[in-house]
């Protein structure tokens, strides 16, 4: 008998979260003594029910409600399905209700996304992207590992792009994998990213990118229609001579191209004007696996650029590039938000917004996720202390609600 046929049908649940302080994800002042009504998996009202429908009530007195967190930069490839399932359950119980996988083997990722949707695994909702890069990048061992069964660069989800590529077909095949976006990675020039961008717009698929694709610079990626630039530190290449050496992406001239200089001011204004989000990934380059900054210059630079992007009104989209580590019991998005506050100088509310509305907007799902609003999917996080006063209070998890159902309680 098929697995799904054995699963019992779970009745719709109506939940009233009563007398709670609401942080809705839009960045505004927390609202005390709020009621949130959840019905049929969605937020039905910001008020108590007016009918006699049987309702489960959560007493929110002294507690704080915010949208479920979204990690807008993860990688699920490289692990087995069971290992990923275990990690995703841990991540869900840690308050993350949506993730965006930004390149890998979409055969695995799409199967995880299907299993999450069907309820076979306990997991955040999974979105994912295909990857386009120049032929020079296709010797990277990660490409071979994520393209087993294909010549590297010929898998529909990991495509080598050059002047001879049929872009219409490449974009169509990327869409056919179920990807929510196409990520531009490396060895792509401005003319090539423009070709990709024009076709991605025609076929209505989102375009995201590393902040520099060697030689294409941030401004060229913005002009091509990219809506999300990853890694704040890579933005430094806007002010550097064009290079095809994509191995140097985190090794820019941070002294010679000041984060508060005219060059970066222009590119931040372009991001604001064109609604392009910044995914800073502060932790991975400051403290995580990408740490190689003995002077601290790069860390200070990426912090300042992130702070300036926030001040400009650029959407900040929190994402870690590493879902979990053995050193932290909670998903690393909590540490990323903390560094946005302690390093980049964002307020706790701004950091929360980056992992809720900002992340959802960056990946194009903010019509249904990212804020606590009537009609949105009821992905909610309830914590025991005020995270607008101390960002570390997002760690004090009391309830996680996914698709209108309580999936974790302490």
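Filter region 108-120 for residues that are farther than 22 Å from residue 333 by Cβ and free of Cβ contacts under 8 Å to residues at least 12 places away in the same chain and give the result.
Of the residues in region 108-120, the ones farther than 22 Å from residue 333 by Cβ are 110-111, 114, 118-120.
Within region 108-120, 114 is the sole residue that qualifies.
For residue 367, state whether it is free of Cβ contacts under 8 Å to residues at least 40 places away in the same chain, surrounded by fewer than 20 Cβ atoms within 10 Å (Cβ to Cβ) and more than 16 Å from residue 64 (Cβ to Cβ).
Numbers: free of Cβ contacts under 8 Å to residues at least 40 places away in the same chain: yes; surrounded by fewer than 20 Cβ atoms within 10 Å (Cβ to Cβ): yes; more than 16 Å from residue 64 (Cβ to Cβ): yes.
Yes: the conditions hold for residue 367.
Being more than 15 Å from residue 159 (Cβ to Cβ), out of contact with any helix residue (DSSP H, G or I) (no Cβ under 9 Å at 6 or more places or on another chain) and touching a residue at least 24 places away in the same chain (Cβ under 8 Å) is the requirement here; does residue 123 meet it?
On the way: more than 15 Å from residue 159 (Cβ to Cβ): yes; out of contact with any helix residue (DSSP H, G or I) (no Cβ under 9 Å at 6 or more places or on another chain): no; touching a residue at least 24 places away in the same chain (Cβ under 8 Å): yes.
For residue 123, the condition - more than 15 Å from residue 159 (Cβ to Cβ), out of contact with any helix residue (DSSP H, G or I) (no Cβ under 9 Å at 6 or more places or on another chain) and touching a residue at least 24 places away in the same chain (Cβ under 8 Å) - is not met.
Only residues that are part of a helix (DSSP H, G or I) and in contact (Cβ under 8 Å) with a residue 24 or more places away in the chain: list them for region 307-323, please. Outline the logic, then answer.
Within region 307-323, the subset part of a helix (DSSP H, G or I) is 307-312.
Passing the criteria: 307, 308, 309, 310, 312.
Scan 158, 177 and give me the residue that is in contact (Cβ under 8 Å) with a residue 60 or more places away in the chain, touching a helix residue (DSSP H, G or I) at 6+ places or on another chain (Cβ under 7 Å) and under 19 Å from residue 104 (Cβ atoms). Outline the logic, then answer.
Numbers: 158 fails: in contact (Cβ under 8 Å) with a residue 60 or more places away in the chain.
Result of the check over 158, 177: 177.
Residues that are within 19 Å of the chain's Cα centre (by Cα), without any contact (Cβ under 8 Å) to a residue 60 or more places away in the chain and farther than 20 Å from residue 278 by Cβ: does region 207-224 have at least one?
The answer is no; no qualifying residue exists.
When both residues are 6+ apart or on different chains and their Cβ atoms are under 9 Å apart, which pairs have a first residue that lies in region 18-30 and is at positive phi, and a second that is in a strand (DSSP E or B)?
19/32; 19/33; 19/34; 19/35; 19/59; 25/66; 25/67
Could you tell me whether residue 341 is at pLDDT 95 or above, crowded, with 24+ Cβ neighbours inside 10 Å and over 26 Å from residue 183 (Cβ atoms)?
Values: at pLDDT 95 or above: yes; crowded, with 24+ Cβ neighbours inside 10 Å: no; over 26 Å from residue 183 (Cβ atoms): yes.
So residue 341 does not fit the description; no.
Pick from region 77-88 the residues that are closer than 22 Å to residue 400 by Cα and either in contact (Cβ under 8 Å) with a residue 60 or more places away in the chain or buried (at least 17 other Cβ atoms within 10 Å of the Cβ) (or both): which of them is nearest to the chain's Cα centre (by Cα)?
88
The values are calculated or read from the model by the stated rules, or taken from the named source; none is laboratory data. The structure displayed is predicted, hence computed values, not measured ones. As a convention, Cβ positions derive from the backbone with ideal geometry for all residues, glycine included, and neighbour counts pool all protein chains shown.
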